[in-house]
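Below is one structure, written out as structure tokens; comments come after it.
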Amino acid sequence: MSRQIVLDTETTGLDPAQGHRVIEIGALEILNRRITGATYHVYLNPERDIDAGALSVHGLSREFLADKPRFSDVAAEFLDFVRDAELVIHNAPFDIGFLNAELARQDDGPMKRYCDVLDTLKLAKQLHPGQKNNLDALCRRYFVDNAGRTFHGALLDAQLLAEVYLAMTRGQETLGIDISQPVQAVGNAMRRTGSLKVIRPSQAEQELHQAYLASLTKEAGEVPAW
């Protein structure tokens, strides 16, 4: 059974090396490419001020977080939720860096002890080189509705990322193909019309096709011959 956890965090700033902390964790479960509805969500008291730039992004104030648990209070339940899954994260080095810093504060090992990690930003750059690949851009590209995203929120962003990830990696569950029916259908069409009508794919359809081929390459470990 393939288990993945799509995860996002919000933080007090940009750099854990400068003492910035995780203030929100949002995560949801995917089993065998299906969103199960199981989620993990928590706000955290960072015990420090929040940079103005970060506050403008997520809207989480120190006052709001003052009565929330500390990371050490929830670390065990968080690790139980993600343990042995593959974490799916957009710009994974950022979130993993912060989580590793939180774990180090309580003398625990890094996230790689518990999970593998897949970076969807890296995957998106491979699929769409030279294009915008932030979450908003990917939502537009893959027709994921993000109209309710006024502020960045960890669980909302994880939910959007889960839909984007599944769209980016959509492929056949089996490569077995029964060609008898398509051949018959083509023959019938040619007998009726004498020729086949050619329908050109749109740009969006071509991009989805390239994403599909990329997912096949990832699963098969080699570039498809077609």
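The values are calculated or read from the model by the stated rules, or taken from the named source; none is laboratory data. Note that the structure is a prediction, hence the values are computed from the model and not measured. No Cβ is skipped: glycine too gets one built from the backbone with ideal geometry, and neighbour counts run over all protein chains shown.
You will find that of 54, 76, the residue that is within 17 Å of residue 105 (Cα to Cα) and in a helix (DSSP H, G or I) is 76 and no other. Look through the range 79-109, keep the residues that are assigned to a loop (DSSP other than H, G, I, E, B) and touching a residue at least 12 places away in the same chain (Cβ under 8 Å), and return whichever of them is nearest to the chain's Cα centre (by Cα). It comes out as 90. The single condition among (1) within 25 Å of the chain's Cα centre (by Cα); (2) in a helix (DSSP H, G or I) that residue 63 does not satisfy is (1). Residue count for the range 59-101 under the criterion of being touching a helix residue (DSSP H, G or I) at 6+ places or on another chain (Cβ under 6 Å) and at positive phi: the result is 1. Take the residues of the range 139-157 that are assigned to a loop (DSSP other than H, G, I, E, B) and touching a residue at least 12 places away in the same chain (Cβ under 8 Å): which is surrounded by the fewest Cβ atoms within 10 Å (Cβ to Cβ)? Taking the candidates together, the pick is 143.
Does residue 87 satisfy the condition of being among the aliphatic types (A, V, I, L, M), at pLDDT 95 or above and closer than 30 Å to residue 170 by Cα? So residue 87 fits the description; yes. Within the range 1-27, how many residues turn out to be of a type in the set (A, V, I, L, M) and buried (at least 23 other Cβ atoms within 10 Å of the Cβ)? Residues that pass the stated criteria total 6. Those residues that are outside any strand (DSSP E or B), of a type outside the set (Val, Ile, Thr) and closer than 18 Å to residue 43 by Cα, I need them from the range 5-18; list them, please. 13, 14, 16 - these are the residues of the range 5-18 that are outside any strand (DSSP E or B), of a type outside the set (Val, Ile, Thr) and closer than 18 Å to residue 43 by Cα.
Against the conditions (1) hydroxyl-bearing (Ser, Thr, Tyr); (2) in contact with a helix residue (DSSP H, G or I) (Cβ under 7 Å, 6 or more places away or on another chain); (3) assigned to a helix (DSSP H, G or I), residue 40 satisfies every one except (3).
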